[in-house]
1. Keeping all protein chains in place, calculate the accessible area per residue for region 1-100 (probe 1.4 angstrom), answer in Å².
2. So what are the ³J(HN,Hα) numbers for region 283-296, from phi and the Karplus equation (6.51, -1.76, 1.60; θ = phi - 60°), rounded to whole Hz, Gly and Pro as x?
3. Would you please report the Å³ per residue occupied by the convex hull of the alpha carbon atoms in region 1-156?
4. Which value results for Rg/Rh of region 303-431 when Rg is the Cα radius of gyration and Rh the Kirkwood radius based on the inverse mean 1/r?
5. Averaged over every viewing direction, what's the projected area of the C-alpha convex hull for region 83-232? Give it in nm², one decimal, please.
6. Report the semi-axes of the equivalent ellipsoid for region 374-437 in whole Å, largest first, where each axis is √(5λ) for an eigenvalue λ of the Cα gyration tensor.
7. Could you work out the helix-only [θ] at 222 nm for the chain, with each DSSP H run of four or more residues adding -39,500 (n - 2.57) and the total divided by the number of residues, to the nearest 500 deg cm²/dmol?
8. Please give the charge dipole size of region 48-92, origin at the Cα centre, charges +1 on K and R Cβ atoms and -1 on D and E Cβ atoms. Round to the nearest 20 debye.
Amino acid sequence: MSDETSSMDVERTPVERLDKEYVFGTWSYQSEVDPTEIVGAEGVRFRDAHGNEWIDFSGQLMCSNLGHSADTVADAMAEQAREGAYYAPGFATEARAKLGEKLAEVTPGDLSKTFFSTSGTEAVEAAIKIARMYTGKQKIVSRYRSYHGATYGSISVTGDPRRLKAEPGIPGTIKAPDPYAYGSTMDPMESLEYIDEMLMLEGDTVAAVLVEPIVGSNGILVPPDEYLPRLKEIAHDHDALLICDEVMSGFGRTGEWFGSDVFDVTPDIMTMAKGLSGAYAPLGATIVTPEIADYFEDEMFCHGHTYAGHPVACAAGLAAIETYQEEGIIEHAKEVGNYLGDRLEELAEEHPSVGDTRGIGLFRGIELTRDPDERVPFGSREDKISKGTTVVDEVSAAAADGGVYVANMINTLIIAPPLTITESDIDEAVAVLNDALEVSDAAMDR
């Protein structure tokens, strides 16, 4: 063992040393992984074994919608675990049945029947298979600035550069442009006409168009109001389905139940996870319209796995939705989300390295730039699969030093705190970000 490794190990806690040695760090070069032991959390804050505490300004991975003190969810999980922790998917449980009913209630339009899984990536896998089985066609159109998961189907329809390490993936995946007003030469509505032409040129071979209503980790891209309704029309004009991936944008993140609700659109298939359980349990869901559900009455639903509809996870999901409803959390998210947007606009006025702020509700992004006139980014897409740190990483690190955890992806700081956050919490976090952005200001081309 080298002296360098020994010295690092002295600084690490026993848990951190074990984790470094025996556990893969995700999406990373293992030589750069430096795990931090977390020992507790409450509300919108969490703390490590070294005595540091942070405001969770990104909801961990944009998933801790209920914060870290949702006792009703924890109690529901414990009660279900004591009553019966697991039964095979062929058996019905009260938690699963009532959660299915509850999702039919809160999702848009007539979406009605659900397949439960354990993650967002599995929810997307189910959506791809359902679309292909239902339409009898194979191709899936998705977009370049998208993230849909890590398993082979979902990484294949993902647009961001992490898919490159997994290619070739599943066949029949095609990428389209995004509604990216700040960083693209194509107008968001022009990108729709591009998709329309793609579907025409592909002939009658496309099963579905798969999109995040509001793009999450690839930049918090909010399309124009008319974009999603028009996209549904285009898909249906070509006998394709519209799949909306609501894994990040669902369950109050936008100030509405789902991102689709912002645009008054009901997709044919919707995927969910993250906020579905408030991140208290691994739980994903894929919900479909009655027409799609009816198709499988006499055709085999050829999909499933051991933990489909896991009782403890479903108990968490049911309790989470009841908490959103009973405590008025989604209404609160809309109110404080507007306040957050105003505060981030103030940051943009103070810092020339802030090229753009965008988002809705508590789903916000700060895009940084070396040159606001030319819109030159600090980070590039290749950074996502490269070694080393970027200026955007350094801004996040400076925020962490000040007591605010904020995730960043490529060139954007992702602001997605628990929906229970208060205006005073936001003020405290924004004050730290104000100092951290001095790092990017100093790195500008001038």
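1. Heavy-atom SASA per residue in region 1-100 reads 62 Å².
2. Values, residue by residue: 8, x, 8, 10, 10, 10, 6, x, 4, 5, 4, 5, 4, 8 Hz.
3. 208
4. Ratio of gyration radius to Kirkwood radius for region 303-431: 1.07.
5. Averaging across all directions leaves 11.0 nm² for the Cα convex hull.
6. 24, 12, 11
7. Calculated at 222 nm, the ellipticity per residue is -12000 deg cm²/dmol.
8. The calculation lands at about 200 debye.
The values are calculated or read from the model by the stated rules, or taken from the named source; none is laboratory data. All values derive from a computational prediction rather than experimental measurement. Neighbour counts run over all protein chains shown; Cβ positions are idealised from the backbone, glycine included. All accessible areas refer to the heavy atoms of the entire protein, side chains included, with ligands and DNA or RNA removed. Shrake-Rupley method; radii C 1.70, N 1.55, O 1.52, S 1.80 Å.
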